[in-house]
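The values are calculated or read from the model by the stated rules, or taken from the named source; none is laboratory data. Here the structure is a predicted model, which means the values were calculated and not measured. Neighbour counts are summed over all protein chains in view; Cβ atoms, including those assigned to glycine, are modelled from backbone coordinates with ideal geometry.
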Amino acid sequence: MNSASFNSQRPGATHRLLSILLLVVGLLLAAGLCVAAPAPPDNPVPNIFVPRSTPANMIDHLSLFVLLITALIFVTVFTLLVYVLVKFRAKNSDPSHEPAQVYGSTQIELAWTVIPTLIVVVLFLASARVIHAIQDAAKPPSAIDVVAVGHQFWWEFRYPSLGVVTANELHIPVSDPTHPTPTYLKLLSADTDHSFWIPQLNGKTDLIPNRVNEMWLDPHQTGLFLGQCAQYCGTQHAKMLLRVYVDTPQSFSAWVQAQKPPANLDASVAAGRHVFETTACINCHAVAGTPANGRFGPDLTHLMSRATLASGAAENTRENLRLWIQDPDALKPGSLMPSMKLTDNDLDALVNYLETLR
Ligand code: HEC
Ligand SMILES: [Cu+2]
């Protein structure tokens with residue numbers, strides 16, 4: 001190839017300038033989008049960089065530290081790369097010129113072996129410290145115990161010492177650092193692997209069949225914290241959402257008091273209760289104080305105290321409740337609740353009954 005045709009294949013200066021401009025515009029746009037995102041309280045996307053609980057704080061600090069180190073590595077490598085590209089690129093005047101080749105420099109080889117090894121050791125020790133501090137934290141006697149069971153595709157929550165069973169929406173008290181009331185979760189699975197993840201409260205912990213895992217949360221702020229099953233567990237894994245309500249101590253004990261009693265037995269909805277108790281519903285669902293004691297699906301004793309249906313798939317309104325029972329797949333395709341093919345009359349009576357389960 002002669003030098004004239006070689007030159008004609010290299011991108012022109014305008015071409016190069018345009019690519020650089022595009023890259024810069026792209027970076028600015030990405031940065032702009034990040035800055036324009038709504039501030040944490042109204043932002044429905046849980047953000048690991050806005051921690052609200054001790055373990056999440058420790059993870060946040062560790063990730064900033066790791067980000068800082070990796071950013072330094074990135075800047076160093078990128079600067080060297082750009083320097084080498086500019087300094088040693090083929091010159092138009094002498095396209096076949098090669099820079100001096102350096103082999104076996106002990107100094108350079110030592111530098112790029114020892115420095116990365118030290119960096120890895122530092123990252124390892126920093127991570128090990130945080131893992132130990134979170135996993136081996138002493139459990140205070142004031143801790144609240146919750147058993148969380150992952151199911152395809154919903155969450156079961158049992159508070160053994162409080163006598164409460166609920167689903168999908170976890171209520172826990174806020175934990176004042178001077179009187180900590182952390183919540184200790186025992187994580188189990190009824191079927192396959194799931195993962196419990198509330199980004200602002202703690203990292204992920206898997207729920208694995210035939211194994212007991214543990215995690216704790218001690219939120220310092222009241223409010224609603226969103227999470228998500230973080231391990232692919234089947235078709236509706238993406239609609240296996242978590243809602244954690246962090247309550248003041250007063251509203252937490254009020255919630256517990258409201259969840260304890262058996263279900264409302266309202267005579268005006270006896271027809272609907274009859275439909276429920278004579279259909280397969282009772283094999284999969286429990287309603288305390290009635291013959292219904294299934295555990296394949298969520299406990300419905302206080303169904304109407306929950307804001308959402310089917311693990312956050314839909315808002316808990318009458319229309320959605322009716323649609324859900326008529327055809328669960330309409331709201332959550334692939335959910336493990338079958339359509340019971342009820343008549344419109346039975347369906348209306350049944351929904352009237354369910355609406356009294358407050
Ligand atoms: C084969 C077992 C099975 C039967 C039978 C069944 N369900 Fe379900 N049900 C489930 C499962 C599993 C879920 C959770 C679905 C999900 O979120 O993915 C569920 C969820 C629900 C929910 C939503 C609860 C919540 O807190 O989100 C309601 C309400 C409900 N079922 C009512 C009924 C009624 C009424 C019947 C009878 C007409 C019935 N189910 C029959 C298994 C069943
Ligand atoms: Cu899952």
Could you please give the count of residues in segment 224-268 that are hydroxyl-bearing (Ser, Thr, Tyr) and within 16 Å of ligand 2 (Cβ to nearest atom)?
2
Go through (1) among the basic types (Lys, Arg); (2) in a loop (DSSP other than H, G, I, E, B); (3) more than 25 Å from the chain's Cα centre (by Cα) one by one and return the number of the condition Arg273 breaks.
(2)
I need the full set of residues from segment 280-295 which are assigned to a loop (DSSP other than H, G, I, E, B) and surrounded by 14 or more Cβ atoms within 10 Å (Cβ to Cβ), in order please.
His285, Val287, Ala288, Thr290, Ala292, Gly294, Arg295
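Condition check ((1) under 21 Å from Arg295 (Cβ atoms); (2) of a type in the set (S, T, N, Q); (3) not assigned by TED's automatic domain parsing to the domain that holds Met58) across all residues:
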| site | (1), (2), (3) |
| --- | --- |
| Asp193 | yes, no, yes |
| Glu214 | no, no, yes |
| Gln228 | no, yes, yes |
| Leu242 | yes, no, yes |
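Take the residues in segment 309-335 that are under 20 Å from Ala190 (Cβ atoms) and more than 16 Å from ligand 2 (Cβ to nearest atom), then tell me which one is farthest from the chain's Cα centre (by Cα). Spell out how you get there, then give the answer.
Residues of segment 309-335 under 20 Å from Ala190 (Cβ atoms): 309-313, 328, 332, 334-335.
Filter once more, so that each one left must be more than 16 Å from ligand 2 (Cβ to nearest atom): 309, 328.
Values: Leu309: 18, Pro328: 24 Å.
Looking at the filtered set, the residue picked out is Pro328.
So, of the residues in segment 62-110 that are touching a residue at least 60 places away in the same chain (Cβ under 8 Å) and under 38 Å from the mean Cα position of the chain (by Cα), which turns out to be nearest to Asp218 (Cα to Cα)?
Pass one, segment 62-110, residues touching a residue at least 60 places away in the same chain (Cβ under 8 Å): 62, 65-66, 92, 95.
Those left that are additionally under 38 Å from the mean Cα position of the chain (by Cα): 62, 65-66.
Working: Leu62: 18, Phe65: 23, Val66: 24 Å.
Only one residue fits best here, namely Leu62.
Take the residues of segment 279-301 that are of a type in the set (Ser, Thr, Tyr) and more than 10 Å from ligand 1 (Cβ to nearest atom): which is nearest to Thr192 (Cα to Cα)? Outline the logic, then answer.
Residues of segment 279-301 of a type in the set (Ser, Thr, Tyr): 279, 290, 301.
When the remaining residues are screened for being more than 10 Å from ligand 1 (Cβ to nearest atom), the result is 290, 301.
Numbers: Thr290: 30, Thr301: 26 Å.
Ranking the qualifying residues of segment 279-301, first place goes to Thr301.
Grab the strands (runs of 3 or more DSSP E) fully contained in segment 108-179, keeping just those with 2 or more residues being within 21 Å of Gln200 (Cα to Cα). Before you say what the answer is, go through the steps one by one.
Details: elements: 144-151, 154-159, 164-167, 169-173.
Strands (runs of 3 or more DSSP E) meeting the threshold: 144-151, 154-159, 169-173.
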